[in-house]
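What follows is a short report on a single structure.
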Amino acid sequence: MRKLINQLLQQDKLLKVTAVVVTLIVVYLSLKPPEPDSESWSFFFIRGDLFLHFVCYFVLSIIYYLAMFNNGKTIQKALILSLLVGFTLESLQLIPVFKRFFDLKDLIANSFGSSVGIIFIQFLFSHSIQD
């Protein structure tokens, strides 16, 4: 199993394309206008969209780590890139054309998800991280 995982991590092109595709999906979901009749929901007393922000950036930071696995300082680069994407997309919501609204709680959920994703990667790959 370890050999299979290592072979997958060596597939630079596949993982980088995956990272780009996932980033484009996040950009689309973050900037598309909200549905007019969308109902709010919650997950364990947490506003549902905050939970989605957390999960999205948790996964994004892991994908960035995997895509940059063969580079130096992978952990730092993955964290900075996922935080930068989250901050940029939340800031773009200040532009009225997107019909979205900047929310500091969304930005905090993005940052928390990215950070927890990196901690998860450090725990999962602690034997192979050479940063």
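Brief remarks follow.
- The distance between label points at Asn71 and Val27 comes to 1.6 nm (points 7 Å beyond Cα on the Cα→Cβ vector).
- Given their separation in residues at 0.36 nm each and the Cα-Cα distance between them, Leu84 and Val20 gain 21.6 nm when the chain is fully extended.
- Among 15-25, 57-67, 103-113, the order from most to least packed when residues are scored by Cβ within 10 Å on average: 57-67, 103-113, 15-25
- Here the Debye sum runs over all C-alpha atoms of the range 51-131 as equal scatterers in vacuum, and log10 of I(q)/I(0) at q = 0.11, 0.15, 0.19, 0.21 Å⁻¹ comes out as -0.30, -0.52, -0.74, -0.85.
- For Pro33, net neighbour charge (Lys/Arg +1, Asp/Glu -1) across residues whose Cβ lies under 10 Å away: +2
Read-outs throughout are calculated quantities, based only on the coordinates presented, and are distinct from any laboratory measurement. Please read all numbers here as calculations on a predicted model, not as lab measurements. A quick note on method: Cβ atoms are made from the backbone with ideal geometry, for glycine too, and the neighbour counts reach across all protein chains shown.
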